[in-house]
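A short worksheet on the structure shown next.
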Amino acid sequence: MAVALGVVAKALFRAPTGTRDILAPESARRRRLVSVFADLAERSGFGQLESPVFEDIGVFQRLGAASEIVTKELFEFFDKGDPPRHLALRPELTASVCRAFAEHRPTVPWKIWYSGSQFRYERPQAGRYRQFEQVGVETLGTDDPHADVEVIGLGMRFYEALGLKQVRLLVNSLGDADSRPAYDAALAAYLQGRRGELSEQSRVTLERNPLRVLDSKRDQDQPVIAAAPLMVDFLSGASAEHFATVRDGLDRLGAAYEISPRLVRGLDYYTRTTFEFAADALDTAQNAVGGGGRYDALVEELGGPPTPGIGFALGVDRILLACDAEGAFAAAPTPVDVFVVDVAGGASAVVLCDRLRQAGFGVDRAFDGRSMKAQMKRADRSGATVAVIVGPDEQAEGTATVRDLRPGGGQNRVTQHDLVPAVAKLLEGTTS
Ligand code: AMP
């Protein structure tokens with residue numbers, strides 16, 4: 001045994017199940033995606049909210065006792081307080097947003113956007129992770145259906161901005177406090193009548209929240225779900241009118257959408273408008289690239305004043321999979337402009353890199369006193385347009401050789417003092 005021999009075996013650690021490292025250039029692509037979203041949201045009057053990655057577990061328990069996200073998937077823990085606090089990593093951001101609203105009472109409408117990691121203890125598979133990233137918006141303090149249209153329209157324009165062409169918009173209305181009880185009763189009675197045909201899991205769900213049975217993806221449940229009563233047939237006058245105005249607004253935007261009467265979504269808090277974006281380029285198991293809806297009771301649940309809200313969360317990881325499948329929004333390595341080659345000890349490169357970076361260029365260099373050949377190879381691989389070379393002669397003279405790495409490019413020697421303008425001249429008209 002290693003221990004008996006006095007040798008401590010080194011463990012090879014891996015990223016925890018359901019998580020992964022995102023390396024360059026993919027990490028740069030994600031950052032670009034978030035910045036496209038941030039730009040669109042800010043141009044639409046949404047300001048960024050940064051909230052904690054963990055909250056009191058009670059914040060998430062308000063998401064509904066029948067949501068698997070709450071019953072099975074929370075990463076929960078106790079801190080070192082006395083008494084210890086019961087906390088959980090956020091599985092989504094809407095609850096945190098409503099908690100922040102109840103805490104700060106900002107003026108309404110409060111329009112915020114966010115981005116960040118979410119955590120759910122799910123069974124990992126393609127497009128399903130235990131740590132994943134979402135971007136989203138929420139508008140609190142108005143139930144104007146045009147706010148719903150603004151939110152849904154923003155999601156649609158975002159996918160377009162990424163170059164995605166095969167994203168379908170599905171919309172539904174789940175009704176309000178006036179229309180829901182009659183529907184819930186009709187649905188429960190129907191499902192109880194066909195209980196024996198449902199999967200075991202759906203029979204358990206039925207006892208907690210009949211509506212959520214409609215969200216089942218299990219084959220066995222599909223015939224029962226297909227014949228279930230529809231919410232649209234139970235909408236109150238006010239809910240029906242709200243939904244009609246949302247649809248009219250989407251028509252005015254030229255949005256192609258489908259009414260999806262069985263769309264209930266995975267969380268219990270939704271009322272009235274619900275919607276989902278489905279990427280047809282992905283398998284059905286992972287094609288939900290975003291979704292959201294109206295939650296008119298959640299802020300009150302979290303101790304705030306009665307405040308309606310509407311928002312969405314889009315799954316960054318899945319959107320990027322859809323981009324891969326459609327050949328859109330490609331990952332691009334960030335090339336450097338200049339590569340500094342120093343074969344005279346490396347000290348000149350320290351200063352020249354700093355000077356060129358301060359002048360605004362993208363600059364890289366080699367380390368470890370590599371040979372001229374090895375450093376030039378690195379320069380070529382870096383994608384740089386210009387190599388700045390310092391050998392013993394240049395070092396003695398206080399000069400540098402500036403070489404244009406493009407095919408047919410020449411080279412000339414300049415004083416180190418004139419290096420920045422010389423490089424600028426060569427790079428004129430190129431972008432990094
Ligand atoms: P939800 O908060 O469940 O409505 O999820 C919103 C979006 O987040 C989904 O449409 C997915 O794109 C994404 N998403 C949800 N759960 C996961 C997960 N476990 N892994 C990757 N993406 C996810």
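Values in this text are rule-based calculations from the coordinates and carry no lab data. None of the values given here were measured: they were computed from a predicted structure. All Cβ positions, even for glycine, are placed from backbone atoms using ideal geometry, and neighbour counts span all protein chains on display.
Can you give me the angle between helix 237-252 and the longest principal axis of the chain, using Cα atoms only, in degrees from 0 to 90, rounded to the nearest 10?
On a 0 to 90 degree scale, this one is about 30.
Suppose we look only past 25 Å in the calculated P(r) of segment 283-417. What percent of the Cα-Cα pairs does that tail hold?
When all Cα pairs of segment 283-417 are counted, 52 percent exceed 25 Å.
Mind sorting ARG413, ARG29, ARG381 by how few other Cβ atoms lie within 10 Å of their own Cβ, fewest first?
Ranked by crowding around the Cβ, least crowded first: ARG381, ARG413, ARG29.
Roughly how tilted is helix 180-193, in degrees to the nearest 10 and between 0 and 90, from the longest Cα axis of the chain?
For 180-193 against the chain, the angle is about 80 degrees.
Could you line up CYS323, CYS353, CYS98 from fewest to most neighbouring Cβ atoms inside 10 Å?
Fewest to most other Cβ atoms nearby, the residues stand as CYS353, CYS323, CYS98.
Take the alpha carbon gyration tensor of segment 338-427, find the square roots of its eigenvalues, order them as a ≥ b ≥ c, and report rounded if a/c is under 1.5; if not, report prolate when a/b exceeds b/c, else oblate.
rounded
Roughly how tilted is helix 316-326, in degrees to the nearest 10 and between 0 and 90, from the longest Cα axis of the chain?
Computed tilt is about 70 degrees.
So which chymotrypsin sites (Phe, Trp or Tyr not before Pro) in segment 1-107 end up in coil per DSSP with only 13 or fewer other C-beta atoms within 10 Å? Can you show the working numbers first?
Details: sites: PHE13, PHE37, PHE46, PHE54, PHE60, PHE75, PHE77, PHE78, PHE101; in loops: PHE13, PHE46, PHE75.
Of the chymotrypsin sites (Phe, Trp or Tyr not before Pro), the ones in loops of segment 1-107 whose Cβ has at most 13 other Cβ atoms within 10 Å are PHE13.
For segment 83-114 and segment 181-237, what is the separation of their C-alpha centers, rounded to whole Å?
For segment 83-114 versus segment 181-237, the Cα centre distance is 31 Å.
I need ILE22, ILE112 ordered by Cβ neighbour count within 10 Å, fewest first.
Fewest-to-most Cβ neighbours within 10 Å comes out as ILE22, ILE112.
Going by the alpha-carbon gyration tensor, a ≥ b ≥ c the square roots of its eigenvalues, is segment 214-341 rounded (a/c under 1.5) or, if a/c is not under 1.5, prolate (a/b greater than b/c) versus oblate?
Because a/c hits 1.5 or more and a/b exceeds b/c, segment 214-341 counts as prolate.
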